[in-house]
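Read through the structure below, which is laid out as structure tokens, and then see the notes.
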């Protein structure tokens with residue numbers, strides 16, 4: 001697999017984030033696309049990796065890598081094993097086969113025929129050379145063989161649960177998606193060598209980040225709904241439509257939320273948001289019933305402010321609140 005086009009000077013980016021950025025700008029399908037996910041999941045299946053967070057198989061021994069010679073294109077494209085696989089599928093009910101992948105549709109038997117294909121080339125250790133560049137001779141050839149079997153699985157309907165976009169489904173995109181996947185797994189392995197608990201720490205960070213995004217989105221939705229219910233001016237309502245721009249809280253390791261007093265957010269803005277949350281509580285309790293609405297669950301109302309008590313948040317005057325919440329004049 002040659003250096004993917006679109007990378008500056010065809011060279012390897014130094015970080016995964018740089019690689020993703022360069023690939024995005026060159027139009028490569030995102031990692032969350034059905035096309036990319038099908039390749040990721042298929043690769044894990046043929047490598048014998050049961051789950052996304054399971055350990056990867058070790059790299060082939062140096063004795064195998066040192067004696068490896070890239071087979072010819074004609075030999076690599078041989079369909080002998082795939083013909084056997086096709087015959088196997090014709091003799092078995094695909095619905096009865098054990099499946100893997102995140103959405104559980106890739107037959108585990110795909111690994112069996114992939115291993116047989118590797119044995120034709122005297123490759124006994126089915127894995128990438130993790131300490132080599134993704135475009136090293138062995139890794140490039142090994143990736144091309146995975147894509148060969150992935151293409152067979154796709155064309156025989158084994159990947160039917162993946163809604164792959166025809167615009168994404170090109171050989172060049174497949175190479176670059178797998179190139180990116182290898183690079184990402186190599187970064188994971190480097191992190192594990194530095195900290196054996198890295199995977200657990202990463203999962204905890206991702207869980208906190210996901211919860212924070214959900215909280216911010218929920219808070220934004222509640223505030224916008226309350227603004228609409230109060231018939232506030234559109235200029236005020238729009239402020240709360242972007243959850244990423246209206247939250248001033250951060251979560252610590254213990255899961256506590258703290259108000260950070262960000263410089264771009266004025267005291268009046270903070271106080272107004274707090275008042276809006278109080279109005280939201282009242283609105284939801286009237287709509288759903290008191291027993292279904294807990295005041296402490298609303299984002300701004302459950303933040304611990306290190307510099308002020310909860311009583312301080314109500315400093316916005318009644319007159320100001322009444323002015324801000326007065327209905328917009330109807331157009332004449």
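Values in this text are rule-based calculations from the coordinates and carry no lab data. Given the structure is predicted, the values throughout are model-derived calculations rather than measurements. Here the Cβ is made from the backbone with ideal geometry for all residues, glycine too, and neighbour counts use every protein chain on show.
Tabulated results
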read-out	value
Extent along principal axes [Cα atoms of the stretch 23-194; Å; largest to smallest]	44, 37, 30
Potential extension, residue 165-residue 64 segment - 0.36 nm per residue separation minus Cα distance	32.6 nm
Segment residue 194-residue 125, length gained on full extension (0.36 nm per residue, minus Cα span)	22.3 nm
Radius, Kirkwood style, for the stretch 31-85 when every pair of distinct Cα atoms is counted (Å)	14.2
Ranking of 118, 269 by count of other Cβ atoms within 10 Å, fewest first	269, 118
Global form of the stretch 58-111, assessed from the alpha-carbon gyration tensor, a/c cut-off 1.5	oblate
Overall form of the stretch 104-184 per C-alpha gyration tensor (a/c, 1.5; a/b vs b/c)	oblate
Extended-chain gain in nm, criterion 0.36 nm per residue less alpha-carbon gap, residue 282 and residue 98	61.0 nm
